[in-house]
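Quick note: the coordinates plus some simple rules give every number you see, no bench work behind them. Computed from a predicted model, the values in this text were never measured in an experiment. Please note: Cβ atoms are built from the backbone with ideal geometry, for glycine as well, and neighbour counts cover all protein chains shown.
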Amino acid sequence: MRALNPVMALVAAMAIACTAPASKKTAGEKTGALPETKVERFGMVTGLKPGQVVCYKQLHAAVWPAVKQKITECNIRNYSIYLKEIDGEPYLFSYWEYVGTDFTADMKKMAADSTTQRWWKETAPTQLPLPDAAAKGETWSRMEEVFHQD
């Protein structure tokens with residue numbers, strides 16, 4: 001396992017992630033006319049194993065349609081994954097927004113999906129979890145949001 005180096009700590013501190021939900025009103029909404037849309041933002045980080053950058057990029061250049069559909073069905077929007085090399089080591093940063101009302105149920109639904117499970121078996125060998133995630137048997141470490149502007 002790699003220790004979180006100072007450069008990575010700075011990236012994590014500067015990256016946008018969510019710890020508290022935000023709410024928005026749609027354009028033109030009048031008070032009481034429509035319910036607010038609750039958006040919870042997530043920033044996550046993980047490492048990539050040496051030599052796996054090309055494989056990871058190839059997998060994500062052709063994400064299976066059923067996996068993308070399940071992400072949408074589970075109320076995840078605006079999902080992006082970024083790659084950054086720091087001190088010669090590759091790291092991934094993901095950002096996404098959750099717009100549902102039952103996060104736990106939606107994540108269980110995604111985890112129970114057989115196609116998503118097969119996808120994760122394809123991507124897992126390329127990833128190198130940070131120590132905090134590995135200690136919990138997870139791949140991605142959630143980051144703390146320190147700034148957001150709509």
(message) I need a count of the residues in region 99-117 that are under 23 Å from Ala61 (Cα atoms) and out of contact with any Cys (no Cβ under 7 Å at 6 or more places or on another chain).
(response) 6
(request) Residue by residue through region 56-72, note down the ones that are under 17 Å from Tyr95 (Cα atoms) and assigned to a loop (DSSP other than H, G, I, E, B). (result) Val63
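Results for (1) more than 15 Å from the chain's Cα centre (by Cα); (2) part of a helix (DSSP H, G or I); (3) in contact (Cβ under 8 Å) with a residue 40 or more places away in the chain; (4) at negative phi, shown as yes or no for each residue.
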residue: Ser94; (1), (2), (3), (4): no, no, yes, yes
residue: Met107; (1), (2), (3), (4): no, yes, no, yes
residue: Met110; (1), (2), (3), (4): no, yes, yes, yes
residue: Gln117; (1), (2), (3), (4): yes, yes, no, yes
residue: Lys121; (1), (2), (3), (4): yes, yes, no, yes
residue: Glu145; (1), (2), (3), (4): no, no, yes, yes
(message) Being of a type in the set (Ser, Thr, Tyr) and closer than 30 Å to Glu36 by Cβ: is that true of Tyr98 here?
(response) yes
(message) Residues to consider are Ile76, Ile86; find the one that is farther than 24 Å from Gly51 by Cβ and surrounded by 14 or more Cβ atoms within 10 Å (Cβ to Cβ).
(response) Ile76
(message) Looking only at region 108-150, how many residues end up being surrounded by 15 or more Cβ atoms within 10 Å (Cβ to Cβ) and over 21 Å from Gln52 (Cα atoms)?
(response) 6
